[in-house]
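Reviewing the structure listed below.
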2 protein chains.
Amino acid sequence: MKGSFVVSVKSFAEASQAVRVADVIEFRLDLFPSLPEYDRIRTEKPSIVTIRLKEDGGRYEGEEEERLELLRKYSRYVDYVDLETRLDDEVFLKFEKVKIIESYHNFTETPSYEELVDIVEAKRGDVIKIATMGAGKEDVVKIVKLLTEYDDVVAFLMGRKFAYTRILSFILGSPFIYCSLSTPVAPGQYDVYTARKILKSMGVI
Amino acid sequence: MKGSFVVSVKSFAEASQAVRVADVIEFRLDLFPSLPEYDRIRTEKPSIVTIRLKEDGGRYEGEEEERLELLRKYSRYVDYVDLETRLDDEVFLKFEKVKIIESYHNFTETPSYEELVDIVEAKRGDVIKIATMGAGKEDVVKIVKLLTEYDDVVAFLMGRKFAYTRILSFILGSPFIYCSLSTPVAPGQYDVYTARKILKSMGVI
């Protein structure tokens, strides 16, 4: 199993705990009490910087131009930056020195398998992360099929009911499983201890 | 989650333990030290009688005619009898007073999705159980698709590597998850405590 345990953190207090249990730390800067100095997010473990907009499930409410500028500055101190699929190619081109996790969120539905394939095949990131709202089991099939056909894809359905698709994604070869330290930052997210325990009990790790 | 935890037992000692932790007890009579009196398998929990042939992963080596006769006699004291897909319709018709779990095993490969559909659609049992050898992730997709499209199907891939498909099958609505009490009676099988722990940690039960 090659996947890494990502722990999303909302503060430096969480980050210092996460260092001990995560393979990768995701700084969810939109959830931080205030934006830190750029170089404060430098850390000993591989890391991701993410500033999530409200419409993508985050809390950032500033100007988009400013958000991208912030991401650019923070990205000098991390390994990965999270950029949304909707962003233009030229935005992606401005992040040359850091790996990119391209993220697609859909809080309404899970698009058709063909649409998901289009998103994956048009990806500009090193990794593509697809998180969509699940309505039924047919959405599970789409996700499983996608994970089977493509590498470097993280794909799962949002919500408590489909939380298990996060475990499934990891088992089927996703590079990352996104976990919380304790309180979930997204619905259905497992804390890192639970995720490890589940995968260990299943004989997967 | 409507599924039941089946515990497969190899002796009466195991059966008496299983009664406390299982929803359903499967008497794997081919694994019993010797064949018990017919009515000794009557038990307080719902139960299944199974006499598995060598070619299906069991240890029964007697005559087929005798095996069917034994199944008929034991089936008076249980809720379900396990009958293999290969058996003729007339055999199925002889088990009128008991529910039937029709089982399909393939130790070589997982047939195409279309073949699996044929097996499911031609089923004569109340439940169909499909256990096949997995080669790759494309076999996981077949299983997931099948579980999504049909009810009353238990379907998983054999072997340690694909053990997680047993959990997946349960999550996707299988009526049963087959567990051991401690030592697995099939490769990749979880013991009932582990299976419950996994599903509980996942937030599924």
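What is the percent carbon and sulfur in the accessible area of the stretch A:4-201, measuring with a 1.4 Å probe over the protein chains and ignoring ligands? It would help to have the intermediate numbers written out before the result.
Values: 3950 of 8580 Å².
Summing carbon and sulfur atoms, their accessible area is 46 percent of the total for the stretch A:4-201.
If the label point is 7 Å along Cα→Cβ of residue A:135, which residues in the stretch A:102-126 have backbone nitrogen under 14 Å from it?
A:107-113
Find the relative contact order for chain A and round it to a whole percent, using C-alpha pairs within less than 8 Å whose residues are 6+ positions apart. Please list the in-between numbers first.
Details: 380 pairs, mean separation 38.1, N = 205.
The value is 19 percent.
How much accessible area is lost when chains A and B come together, counting both sides, with a 1.4 Å probe, in Å² rounded to the nearest 100? Can you show the working numbers first?
Working: alone 9950 and 9950 Å², together 18000 Å².
Chains A and B together bury approximately 1900 Å².
What order do B:35, B:147 take when sorted by accessible area (1.4 Å probe), most exposed first?
Per-residue accessible area, sorted high to low, gives B:35, B:147.
For a quick check of your reading of the filter: which chymotrypsin sites (Phe, Trp or Tyr not before Pro) in the stretch B:26-61 sit in a DSSP loop and have no more than 12 other Cβ atoms within 10 Å?
Answer in residue order: no site qualifies.
Please report the spacing between the Cα centers of the stretch B:109-137 and the stretch B:30-61 in Å, no decimals.
24
Just check chain B against the gyration tensor rule for me: Cα atoms, a ≥ b ≥ c as the square roots of the eigenvalues, rounded for a/c under 1.5, and otherwise prolate or oblate depending on whether a/b exceeds b/c.
Values: a/c = 1.62, a/b = 1.19, b/c = 1.36.
Verdict is oblate for chain B.
Between beta-carbons, use under 13 Å as the cut-off and find the net charge around residue A:140, counting Lys and Arg +1, Asp and Glu -1.
Value of the local net charge: +3.
With a probe of 1.4 Å, find how much accessible area the stretch B:4-201 has per residue, and write the answer as a whole number in Å².
43
Scattering from the C-alpha atoms of the protein assembly as shown alone, worked out with Debye: what is log10 I(q)/I(0) at q = 0.07, 0.09, 0.14 1/Å?
-0.40, -0.61, -1.14
What FRET efficiency comes out for the pair residue B:12/residue A:191, r = Cβ-Cβ distance, R0 = 35 Å, nearest 0.05? It would help to have the intermediate numbers written out before the result.
Details: r = 42 Å, r/R0 = 1.20.
The calculated FRET efficiency here is 0.25.
What order do A:102, A:114, B:14 take when sorted by accessible area (1.4 Å probe), most exposed first?
I get A:114, B:14, A:102, largest accessible area first.
Note down the accessible area of residue B:98, probe 1.4 Å, to the nearest 10 Å².
Using a 1.4 Å probe on the heavy atoms, I get roughly 20 Å².
In the full protein assembly as shown, how much of residue B:204 is accessible to a 1.4 Å probe, in Å² to the nearest 10?
For residue B:204, the solvent-accessible surface is approximately 30 Å².
Please list the non-local residues whose amide H lies under 5 Å from the amide H of residue A:100, H modeled 1.01 Å from N, same-chain partners needing a gap of 5 or more.
A:81, A:126, A:127
Report the label-to-label distance for residue A:161 and residue B:23 in nanometres (one decimal), using points 7 Å from each Cα along the Cα→Cβ vector.
1.9
Thinking of the stretch A:84-187 as a set of Cα atoms, what percent of all their pairs are more than 22 Å apart?
Values: 1461 of 5356 pairs.
Roughly 27 percent, rounded to a whole number.
By how many nm would the segment from residue B:150 to residue B:93 grow when fully extended, if each residue of separation counts as 0.36 nm and the alpha-carbon distance is taken off?
Additional length available on full extension: 18.2 nm.
Need one value: the accessible area of residue B:193 in square angstrom, 1.4 angstrom probe, rounded to the nearest 10.
120
Set the bar at 28 Å for Cα to Cα. Now go through A:54/B:137; B:73/B:123; A:45/A:142; A:10/A:197 and name every pair that lies beyond it.
A:54/B:137; A:45/A:142
Within 10 Å of each Cβ in A:193-203, how many Cβ atoms from other chains are there, averaged over the peptide?
Going residue by residue through A:193-203 and averaging, the value is 5.
The values are calculated or read from the model by the stated rules, or taken from the named source; none is laboratory data. As the structure is a computational prediction, the values presented were derived from the model and not from experiment. Positions of Cβ are generated from backbone atoms using ideal geometry, with glycine treated the same way; all protein chains shown enter the neighbour counts. Areas reflect the complete protein model, heavy atoms only, side chains present, ligands, DNA and RNA absent. Shrake-Rupley method; radii C 1.70, N 1.55, O 1.52, S 1.80 Å.
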